[in-house]
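Data first, discussion second: the structure below is written as structure tokens.
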Amino acid sequence: MINHEIKISFKEYQSLKELDKPDYDLCLDAVMAMENSHSPYSKFRVGAALRLQSGTIVYGSNQENVAYPSGLCAERVALFHCGAYYPNDPIEAMAVTAWSGKFEILQPVASCGACLQVLAEYEKKQNKPIEIILFTNNGPAWVMTSVESLLPFLFFESRLKS
């Protein structure tokens, strides 16, 4: 038997004001994106903002549906919009925030596995990592250099391309 251990590293900032200006502004964009959340059932609003290499900002918010599995997370809304409209403009960073009408969110909320897998696909496509900023409005911000910090066992199967 071989025992393996995986460690991740990320930076924690106590406040958004500690971030550099481009990342701080991207977080404000994610808060703005959250305003378009359609979450009448969960009351859990999520906003995502992508900063592309060109400087373009792409927004996404979670979109719920009464037919529950038909909804989509904020991250995938933003990523798929980017893929449809800016396929050749690499993603530099993604900021994600959440707010609940039912409880206070004290720590950043991580993206779901499906969103992380989609993000991994975009990193692979552009052959460049994407910085991920997870934050709460009145709390800490966590900054990762790549999706691998959140999803260390990425699913890729090169034989599927043939």
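Testing Tyr59 on (1) under 14 Å from Cys27 (Cα atoms); (2) at pLDDT below 95, one condition comes back false. Which one is that?
(2)
Of all residues being of a type outside the set (A, V, I, L, M, F, W, C) and assigned to a loop (DSSP other than H, G, I, E, B) in segment 2-26, which is farthest from Glu92 (Cα to Cα)? Just the residue, please.
Going residue by residue through segment 2-26, those that are of a type outside the set (A, V, I, L, M, F, W, C) are 3-5, 7, 9, 11-15, 17-18, 20-25.
Right, trim to assigned to a loop (DSSP other than H, G, I, E, B) and you get 3-5, 7, 9, 14-15, 20.
Working: Asn3: 35, His4: 31, Glu5: 29, Lys7: 23, Ser9: 19, Gln14: 23, Ser15: 21, Asp20: 14 Å.
It comes out as Asn3.
Out of curiosity, is Met1 at pLDDT 95 or above, aliphatic (A, V, I, L, M) and either within 19 Å of Trp99 (Cβ to Cβ) or in contact with a Ser or Thr (Cβ under 9 Å, 6 or more places away or on another chain) (or both)? It would help to see each step written out before you state the result.
On the way: at pLDDT 95 or above: yes; aliphatic (A, V, I, L, M): yes; either within 19 Å of Trp99 (Cβ to Cβ) or in contact with a Ser or Thr (Cβ under 9 Å, 6 or more places away or on another chain) (or both): no.
Here the answer is no, as Met1 does not meet what is asked.
Within segment 34-43, is there a residue that is closer than 18 Å to Cys115 by Cβ and acidic (Asp, Glu)? So that I can check it myself, show each step before the final result.
Start the filter on segment 34-43 by keeping residues that are closer than 18 Å to Cys115 by Cβ, which leaves 34, 36-39, 42.
Checking which are acidic (Asp, Glu) leaves us with none.
So far as segment 34-43 goes, no, none of its residues is closer than 18 Å to Cys115 by Cβ and acidic (Asp, Glu).
Can you confirm whether Pro90 is in contact with a helix residue (DSSP H, G or I) (Cβ under 6 Å, 6 or more places away or on another chain) and farther than 16 Å from Ala30 by Cα?
Values: in contact with a helix residue (DSSP H, G or I) (Cβ under 6 Å, 6 or more places away or on another chain): yes; farther than 16 Å from Ala30 by Cα: yes.
Spelling it out, Pro90 is indeed in contact with a helix residue (DSSP H, G or I) (Cβ under 6 Å, 6 or more places away or on another chain) and farther than 16 Å from Ala30 by Cα.
Filter segment 27-42 down to the residues that are in a helix (DSSP H, G or I) and in contact with a Lys or Arg (Cβ under 9 Å, 6 or more places away or on another chain), then identify the one that is surrounded by the fewest Cβ atoms within 10 Å (Cβ to Cβ). Don't jump to the end; show me each part of the working.
Pass one, segment 27-42, residues in a helix (DSSP H, G or I): 27-34.
Among the residues that remain, those that are also in contact with a Lys or Arg (Cβ under 9 Å, 6 or more places away or on another chain) are: 29, 34.
Values: Asp29: 20, Met34: 24.
My answer is Asp29.
Please go through (1) out of contact with any Ser or Thr (no Cβ under 6 Å at 6 or more places or on another chain); (2) closer than 13 Å to Ala30 by Cα for Gly71 and return the number of the only condition it doesn't satisfy.
(2)
From Ala93, Ala84, Ala67, which residue is surrounded by 13 or more Cβ atoms within 10 Å (Cβ to Cβ) and either closer than 28 Å to His4 by Cβ or not polar (S, T, N, Q) (or both)?
Ala93
Conditions: (1) in contact (Cβ under 8 Å) with a residue 40 or more places away in the chain; (2) within 23 Å of Leu154 (Cα to Cα); (3) assigned to a loop (DSSP other than H, G, I, E, B). Leu50 meets all but one. Number of the miss?
The failed condition is (3).
Show the residue pairs that are 6+ apart or on different chains and have beta-carbon atoms under 6 Å apart, the first residue being within segment 3-19 and closer than 17 Å to Met144 by Cβ and free of Cβ contacts under 8 Å to residues at least 60 places away in the same chain, the second being exposed (fewer than 10 other Cβ atoms within 10 Å of the Cβ) and of a type in the set (Phe, Trp, Tyr).
If the second residue must be exposed (fewer than 10 other Cβ atoms within 10 Å of the Cβ) and of a type in the set (Phe, Trp, Tyr), no pairs are left.
Being buried (at least 19 other Cβ atoms within 10 Å of the Cβ) and either more than 13 Å from the chain's Cα centre (by Cα) or of a type in the set (Val, Ile, Thr) (or both) is the filter here, so list the residues in segment 120-135 that pass it.
Ile130, Ile132, Ile133, listed by residue number.
Which residues, counting only those in segment 96-119, are crowded, with 16+ Cβ neighbours inside 10 Å, among the small types (Gly, Ala, Ser) and touching a Lys or Arg at 6+ places or on another chain (Cβ under 8 Å)?
Ala98
The values are calculated or read from the model by the stated rules, or taken from the named source; none is laboratory data. No experiment lies behind these values; they were computed from the predicted model shown. Glycine also receives a Cβ, built like all others from the backbone with ideal geometry; neighbour counts cover every protein chain displayed.
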